[in-house]
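Below is one structure, written out as C-alpha cells; comments come after it.
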Amino acid sequence: MSGSKHKSSGDVFGTAKECQATTTKTKAKIIERVERGEKEVDVTRSYNMNHSTIGIVLKNKDKIMEHVKSAVPMMSTIKLKKHGKVMKEMEKLLSVWMQDQHQRQVPLNLMLIQEKGKSLYEDLK
C-alpha cells in the first residue's frame, strides 16, 4: 500500500533521546534565562532538550520557583553544623561520660544521654 503510515526502511530506530529527570536547579536556570529575554530556542539548544520540555517548565514556573524559594540552601545546613567552643567541649565531656558509663556497664538510652548533654552544656555556658 502506498498510503501506509508505517515507517520506511530508511528510518533509523532507537535514535530517540533517553528520558532524564531535570533537576529543580536546572529548571530554575531555564526560567531565569527566558525571563531575562533569551529565546526559548537558544535555551532549548543549550540544554539539549525538546522544545516541549522547556514549554512545560515555563508553564509550571510558579510552582518551580515556589519550590526553589522554600528549599533550604545547602550552605545554611553546613553553617548549622559548625559548633562553638562550648558545644565542642560539651560533646567531648559527654563522650568521656558515656565511655565511663559503658565501662561501669550502666545501660544508657537516648533520653539519659540528651539530659546529660543538656546539663553539661548549661554548666559550661
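Among the listed pairs Lys39/Lys63; Lys69/Lys118; Lys39/Lys61; Lys85/Lys118; Lys69/Lys116, a Cα-Cα separation exceeding 27 Å is found for Lys69/Lys118; Lys69/Lys116. For Lys27, a cut-off of 17 angstrom between C-alpha atoms picks up these aspartates and glutamates, skipping any fewer than 8 places away in its own chain: Glu35, Glu38, Glu40, Asp42, Asp62, Glu66. In order along the stretch 115-125, the phi-based Karplus estimate (6.51 cos²θ - 1.76 cosθ + 1.60, θ = phi - 60°) of 3J(HN,Hα) comes to 4, 5, x, 5, 4, 4, 4, 5, 5, 7, 5 Hz; Gly and Pro are listed as x. For the listed peptides 33-46, 103-116, a ranking on the average number of other beta carbons within 10 Å per residue, highest first, reads 33-46, 103-116.
Where a number appears in this text, it was derived from the coordinates with a stated rule and is not lab data. Since we're looking at a predicted model, the values are computed, not measured. Using ideal geometry, Cβ is built from the backbone for each residue, glycine included, and neighbour counts are taken over all protein chains shown.
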